[in-house]
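Everything below concerns the one structure shown next.
Just so you know, all these numbers are worked out from the coordinates, no wet-lab data involved. Every value quoted in this text rests on a predicted model; they were computed, and no experiment measured them. All Cβ positions, even for glycine, are placed from backbone atoms using ideal geometry, and neighbour counts span all protein chains on display.
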Amino acid sequence: MYKILRRKELNPTVTLLDIEAPLIAKKAEPGQFIILRVDSEGERIPLTIADYDREAGWVRIIFQIVGGTTEKLNHLKEGDFINDFVGPLGVPTHVDGLKKVAVVGGGVGCAIAFPIAKKLHNMGAEVHSVVGFRNKDLVILEDDFAAVSDKMMMTDDGSHGTKGLVTNALKELIESGEKYDEVIVIGPLIMMKFVCALTKEYGVKTTVSMNPIMIDGTGMCGGCRLTVGGETKFACVDGPDFDGHLVDFDEALERGSMYKPFERHAHEEACNLFAKEVQ
Amino acid sequence: MPNMSLKKNEMPSQDPNVRNKNFKEVALGYTKEQAMDEAARCLNCKNKPCVTGCPVQIDIPTFVQHVAAGDFEAAYEVIAKSSALPAVCGRVCPQESQCEGKCVRGIKGEPVAIGRLERFVADYHNENCTEKPVKPESNGHKVAIIGSGPSGLTCAGDLAKKGYDVTIFEALHLAGGVLVYGIPEFRLPKAIVQKEIDGLKDLGVKVETNMVIGKVLSIDELIEEYGFEAVFIGSGAGLPRFMNIPGENLKGVYSANEFLTRVNLMKAYKDDSATPIMKAKKVAVVGGGNVAMDAARSAKRLGAEEVYIVYRRS
Ligand SMILES: Cc1cc2nc3c(=O)[nH]c(=O)nc-3n(C[C@H](O)[C@H](O)[C@H](O)COP(=O)(O)OP(=O)(O)OC[C@H]3O[C@@H](n4cnc5c(N)ncnc54)[C@H](O)[C@@H]3O)c2cc1C
Ligand SMILES: Cc1cc2nc3c(=O)[nH]c(=O)nc-3n(C[C@H](O)[C@H](O)[C@H](O)COP(=O)(O)OP(=O)(O)OC[C@H]3O[C@@H](n4cnc5c(N)ncnc54)[C@H](O)[C@@H]3O)c2cc1C
Ligand code: FES
């Protein structure tokens, strides 16, 4: 059992939890993730390690409430326990030798991108972050990104920062002559696909963090497989980071929708359950 | 006088048209009378070919003689000397190519149903024995075991009985390896696996789940910082291999491991399971071994109308 030390709602649909997990905190590196089960009957879901404190022994997760399990997770309070919490899984993001990097985050993907930006900053690299949200109410981690990078805030509707998509901002930066060793982009699949199309045009190496449906997270089941450069890769052990110019995004989008009808149903059930508890 | 019937005693089982719609165990096990009658088929022959066919060399004729005499606990003690997982092995060991494959009675007729007898004895013990096993005296040596599949569990049991301080590290949230994530409930009920693991805990074995060794702790750390003097790696077969044929990443294409893990470990066959599974009407299973049969039978029980086994040999 893993204790929740701190809980904070970052916006109406995104919550932060610090979990007591000293062994994982000791080993965690940016780009790695954990798999948790909320209760003894729960589904296994992967969430990225958004931050950690090796001394204090906690690991931070930041999650968007999108379905049954994240809904249940969001109902836990400080002092409550999570049944299972395993990690750190996956390969850490490769940052060695990078001097100048653009970190692009979309929505809750910013939570995954932040520890990487922070690590790059601490290594002395020049970091430009381009973070995008649908609107002002959904903005998260603004101050955190500001502390470790030159930040460009984008919103789809212009209610905060600059109006437009992250691709527009990145294009401007590249065209204005910024020379990046690498672009690291994390967000919805469709956003990563378009950023990769853009950076390919300019020949800038691009790393994406993929988030296929997973179960074990140990390389045992192959459910998380992707096609990268024509080869089958398992995101949980070979990734989740891959060369964005080689990833078959269309296949990943298709596979991600495998359980759509089931998920909608499970989410409604979870919501109904909590509605009943409130009454 | 031995029972000279050429056929094994049938083991009662669920009716095919009932069992293909549920995940309860297919085979129901012998009654005491059936077990004793079957055990009486053993000739107790001198050279004991069955024992040489058994990977852990259980003293089969002796345990079978105890069954024939109705002393089931004595039979259990004989098996337990050599096997850490009798209730599991009695169900899923390939007896036809091991002990029973060598049985003299099999030359003319069917061999003695050693597997069914082993299962009976283990189940009898698990149901009737309330005594906990005596914890052996500690020899003060610490051993780490990575992986809680049958190999890890067996190693843990054998070492614990010798007095070692054993800790099993398992990557998943539940111990058992293929026994809990691969082999379906209808062939090997998970309560039985749990009972065998609880038995190891009674012997003093510690089980740490959610521990991916190599990620959360390295083998060096287990030895240098945690004081383990030896490490046994029983991490199983690992990655599934795909065939690299067009379309294999389409929605609805599963590796057996993923399909069976969803069904067994995550209980996706239950209506209220939090983990989804695709319930298809028409299913093709590529392969022809134990794993393929488990997948095909699971698909049928999930409601498939047609299940095809596609196999490259005749
Ligand atoms: C390596 C990795 C890191 C991730 N990091 C984060 C993160 O830091 N913050 C965050 O909010 N989300 C993250 N995700 C996505 C997160 O795992 C899903 O949002 C979560 O599983 C949804 O579960 P649910 O039951 O609430 O929703 P559901 O209604 O079950 O699903 C909603 C969507 O989530 C995805 N999903 C569902 N089940 C799984 C599963 N078992 N594994 C992976 N994806 C699934 C599917 O695309 C699905 O369409 C990450 C995913 C991966 C693979
Ligand atoms: C569906 C199916 C049906 C089968 N049916 C039969 C049958 O009827 N009869 C028969 O004789 N055989 C059968 N087999 C084969 C048999 O199950 C295997 O030979 C047996 O499980 C191997 O045991 P093991 O202990 O080596 O590994 P596994 O059972 O694979 O267990 C390995 C364990 O190690 C864990 N692990 C892996 N890496 C790590 C790590 N880094 N840190 C911590 N833990 C780790 C895994 O999570 C797993 O729990 C079947 C196999 C399958 C898949
Ligand atoms: S999640 Fe099963 S292999 Fe990656």
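Remarks
- Radius ratio Rg over Rh of the protein assembly as shown, counting only Cα atoms, Kirkwood formula for Rh: 1.04
- Exposure proxy order (Cβ contacts within 10 Å, fewest to most) of B:Met4, B:Met293: B:Met4, B:Met293
- Peptide B:229-242 shows a mean partner chain C-beta count of 2 within 10 Å per residue C-beta.
- Among beta bridges that DSSP assigns inside the protein assembly as shown, antiparallel share in %, nearest 5: 45 percent
- Computed Kirkwood radius, in angstrom, where 1/r is averaged over Cα pairs of chain B: 21.3 Å
- Note on the protein assembly as shown: dipole from Cβ charges, positive end direction compared against B:Val253, A:Ile24, A:Gly67; the farthest Cα belongs to B:Val253.
- Over the stretch A:2-52, relative contact order from alpha-carbon pairs under 8 Å, at least 6 apart, %: 26 percent
- Counting only Cβ charges, +1 for Lys and Arg and -1 for Asp and Glu, the dipole size of chain B around its Cα centre is about 1280 debye.
- Taking Cβ atoms as reference points and 13 Å as the exclusive limit, the residues near A:Gly90 contribute a net charge of -1, counting Lys and Arg as +1 and Asp and Glu as -1.
- With eigenvalues of the C-alpha gyration tensor scaled by 5 and rooted, the stretch B:143-192, Å: 22, 12, 7
- By the beta-carbon count within 10 Å of each Cβ, the least crowded to most crowded order of B:Leu117, B:Leu260, fewest first, is B:Leu260, B:Leu117.
- Contact order relative to length of chain A, as percent, for alpha carbon pairs under 8 angstrom and 6 or more apart: 17 percent
- For the protein assembly as shown, the residue among B:Asn264, A:Trp58, A:Ser149 whose Cα projects farthest onto the positive side of the dipole built from Cβ charges is B:Asn264.
- Helix-only CD estimate at 222 nm, as mean residue ellipticity for chain A, using -39500 (n - 2.57) per DSSP H run (n ≥ 4): -9500 deg cm²/dmol
- Environment charge of B:Val51, counting only residues whose C-beta is closer than 11 Å and scoring Lys/Arg +1, Asp/Glu -1: +1
- Student exercise, the protein assembly as shown dipole from Lys, Arg, Asp, Glu Cβ charges, in Debye to nearest 20: 1720 debye
- Positive-end residue of B:Gly70, B:Cys45, B:Val121, charge dipole of the stretch B:16-128 with Cβ unit charges: B:Cys45
- Formal net charge of residues neighbouring A:Met154 (Cβ-Cβ distance under 13 Å; K, R +1; D, E -1): +1
- Average silhouette area of the stretch A:184-238, convex hull of alpha-carbon atoms, in square nanometres: 4.0 nm²
- From the Kirkwood radius over Cα pairs of the stretch B:157-235, Stokes-Einstein at 37 °C and 0.692 mPa s returns a whole-number translational diffusion coefficient of 239 µm²/s.
- Relative contact order of the stretch B:16-128: 31 percent, from C-alpha pairs under 8 Å at least 6 residues apart in sequence.
- Computed [θ] at 222 nm, deg cm²/dmol, chain B (DSSP H ≥ 4; -39,500 (n - 2.57); rounded to nearest 500): -10500 deg cm²/dmol
- Straight-line cross-link reach from A:Lys27 at under 13 Å between alpha-carbon atoms covers these aspartates and glutamates, not counting any fewer than eight positions away in the same chain: A:Asp51, A:Asp53, A:Glu55, B:Glu221.
- Counting every other Cβ atom within 10 Å of each residue's Cβ, B:Glu25, B:Glu118, B:Glu224 order from fewest to most as B:Glu224, B:Glu25, B:Glu118.
- Each Lys and Arg contributes +1 and each Asp and Glu -1, all at the Cβ; summed about the Cα centre of the stretch B:158-256, the dipole is approximately 580 debye.
- With a threshold of 20 Å on the Cα-Cα distance, the over-threshold entries among A:Lys99/A:Lys179; A:Lys3/B:Lys195; B:Lys24/B:Lys279; A:Lys100/A:Lys200; A:Lys72/A:Lys260 are A:Lys3/B:Lys195.
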